[in-house]
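Chemist: Before I ask anything, here is the structure I am working with.
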Amino acid sequence: MKAVPLLLSLLVMVEATVAIASDTTALPRSGYEFQSSDTQSLQDDDFKNPGMLWVDMGKIRYSEPAGSTGQSCADCHRDLPESVAVSFPKNNRHLGVVVDLTSQIQHCRTVHQKAESFEYESEASLALTVYLGSLSRGQAFQPVDSYPQDQLKASIDNGRLYFNRRKGQLNLSCGNCHEESVGKMLRGDLISQGHSNGYPIYRLEWQSLGSLHRRFRSCDIGVRAQPHDLGSATYIDLEAYLRERGAKLTVETPAVRR
Ligand code: HEC
Ligand code: HEC
């Protein structure tokens with residue numbers, strides 16, 4: 001119970017500077033609304049958005065032959081549907097597990113192209129993920145009933161539990177910040193509802209593109225909890241839950257953050 005005053009001491013009320021509606025928890029609100037107008041304008045303009053560099057790299061990679069098969073992604077997937085990114089995480093029948101988009105790409109690379117695997121957070125992996133993510137720009141997150149898969153439902157339930165569980169030395173849950181402290185400042189950031197609809201994002205502080213799982217690690221480390229591996233089942237479950245929680249938000253990949 002010591003954690004609560006500690007959190008309060010970290011948070012600073014900034015009601016005057018928050019231009020968002022007073023009820024910050026009722027509707028899903030994109031993280032975009034919690035950024036300064038300078039950062040928003042970087043996201044708004046594809047020519048200024050640094051994340052577009054990775055989209056362009058991903059587009060090139062998509063058509064490059066790779067591995068011992070010499071096949072490119074495009075050779076097997078001439079036209080992926082616009083909904084491609086919003087359909088992940090999903091149950092991959094071939095693997096028998098729920099995968100995120102990055103893990104699907106990894107699977108195609110090693111199994112179908114027979115090429116060397118990418119590190120989860122490598123430039124190549126981020127580039128392909130953000131390129132496919134950008135194809136879904138403007139598409140809405142659908143509630144789970146649109147994806148009637150038992151395994152996926154179990155994954156969402158696990159993610160919900162993780163989201164609401166207190167953890168780390170600060171003994172805080174994700175919801176303690178992203179539901180109960182929305183609109184307050186924490187170390188220079190305005191706390192948003194913690195949605196995933198802009199990922200991978202370009203973060204000015206990282207001076208790089210970064211994945212959603214990298215963001216999860218930062219938040220876990222922030223409460224001094226043991227972070228999980230990039231691409232771990234725990235983070236895929238969390239990602240599945242965030243899509244459900246953010247239903248109706250539209251994809252903004254690549255978003256720009258402070
Ligand atoms: C101590 C407060 C705190 C806790 C606890 C916390 N976060 Fe965060 N989180 C932040 C801050 C600060 C940011 C950066 C500002 C923002 O976008 O909200 C952030 C950003 C995010 C974002 C990016 C939002 C965007 O639009 O770019 C996501 C997603 C997220 N958190 C998810 C989580 C999850 C999942 C957990 C639990 C594992 C969690 N957070 C726990 C403070 C917290
Ligand atoms: C030799 C053919 C082949 C190549 C090359 C290939 N894939 Fe695939 N891909 C598949 C097959 C088959 C599936 C479905 C079964 C599975 O997941 O193994 C699939 C599934 C996918 C899906 C999920 C589509 C959906 O609607 O569920 C995505 C996304 C994808 N691949 C992306 C890629 C990317 C990116 C590359 C390049 C790095 C790539 N694939 C290379 C054969 C291929």
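The values are calculated or read from the model by the stated rules, or taken from the named source; none is laboratory data. None of the values given here were measured: they were computed from a predicted structure. Note that we place each Cβ from the backbone using ideal geometry, even for glycine, and neighbour counts take in every protein chain shown.
Let's see how each residue does on (1) in contact with a helix residue (DSSP H, G or I) (Cβ under 7 Å, 6 or more places away or on another chain); (2) outside the structural domain of Leu27 (by TED's automatic domain parsing); (3) of a type in the set (Ser, Thr, Tyr):
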| site | (1), (2), (3) |
| --- | --- |
| Ile156 | yes, no, no |
| Arg160 | yes, no, no |
| Leu170 | yes, no, no |
| Gly188 | no, no, no |
| Ser196 | yes, no, yes |
| Tyr199 | yes, no, yes |
| Ser208 | no, no, yes |
| Arg217 | no, no, no |
| Ile221 | no, no, no |
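Chemist: Do we find that Leu128 is in contact with a Cys (Cβ under 8 Å, 6 or more places away or on another chain) and buried (at least 18 other Cβ atoms within 10 Å of the Cβ) in this structure?
Modeler: yes
Chemist: Could you grab me the full set of residues in the range 22-74 that are basic (Lys, Arg) and within 16 Å of ligand 2 (Cβ to nearest atom)?
Modeler: Lys59, Arg61
Chemist: Could you tell me whether the range 79-86 includes any residue that is buried (at least 18 other Cβ atoms within 10 Å of the Cβ) and polar (S, T, N, Q)?
Modeler: Checked against the condition, which is being buried (at least 18 other Cβ atoms within 10 Å of the Cβ) and polar (S, T, N, Q), the range 79-86 yields no hits at all.
Chemist: Let me ask another. Given the condition in a loop (DSSP other than H, G, I, E, B), near ligand 1 (Cβ under 9 Å from one of its atoms), out of contact with any Leu (no Cβ under 8 Å at 6 or more places or on another chain) and touching a residue at least 40 places away in the same chain (Cβ under 8 Å), answer yes or no: does some residue in the range 198-215 qualify?
Modeler: yes
Chemist: Looking only at residues that are in a loop (DSSP other than H, G, I, E, B) and without any contact (Cβ under 8 Å) to a residue 60 or more places away in the chain in the range 167-186, which one is surrounded by the fewest Cβ atoms within 10 Å (Cβ to Cβ)?
Modeler: So the residue we want is Gln169.
Chemist: Look at Leu128 and say whether it is part of a helix (DSSP H, G or I), more than 13 Å from ligand 1 (Cβ to nearest atom), farther than 14 Å from Phe88 by Cα and at pLDDT 95 or above.
Modeler: Yes.
Chemist: Can you find even one residue in the range 220-234 that is closer than 28 Å to Met52 by Cβ and either hydroxyl-bearing (Ser, Thr, Tyr) or at pLDDT below 95 (or both)?
Modeler: Looking through the range 220-234, none of the residues is closer than 28 Å to Met52 by Cβ and either hydroxyl-bearing (Ser, Thr, Tyr) or at pLDDT below 95 (or both).
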